[in-house]
């Protein structure tokens, strides 16, 4: 896909129960941010899929992560959701530093 998209989010913005801390990167399908869970205080990563990717794309991605759960080097994911403000799906993943 040759589309260019950006959410242009600001530090402190809330995505569900997650407070945006910093932008980490962008791919052809998504943007990735470090976030903090407002209830537990733990830091996570949120992968925001661009709006032109529908739920089936996100479901395939999360199913692949589920199948690979426990394999060394594969990120654990916590849950998937839909953010109405930007009409996009997202996955919340473990934060790995380094």
When the chain is modelled as a GNM with alpha-carbon springs shorter than 10 Å, which of 49, 23, 61 fluctuates the most?
-> 61
Taking every pair of alpha-carbon atoms in segment 14-94, what share in percent sits in each 5 Å bin, from 0 to the bin with the longest distance?
-> 3, 15, 26, 26, 20, 8, 1
Going fewest to most other Cβ atoms within 10 Å around each Cβ, 91, 68 line up as 68, 91
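No value in this document is a laboratory result; all are computed from the given coordinates. None of these values were measured; they are calculated from a predicted model. No Cβ is skipped: glycine too gets one built from the backbone with ideal geometry, and neighbour counts run over all protein chains shown.
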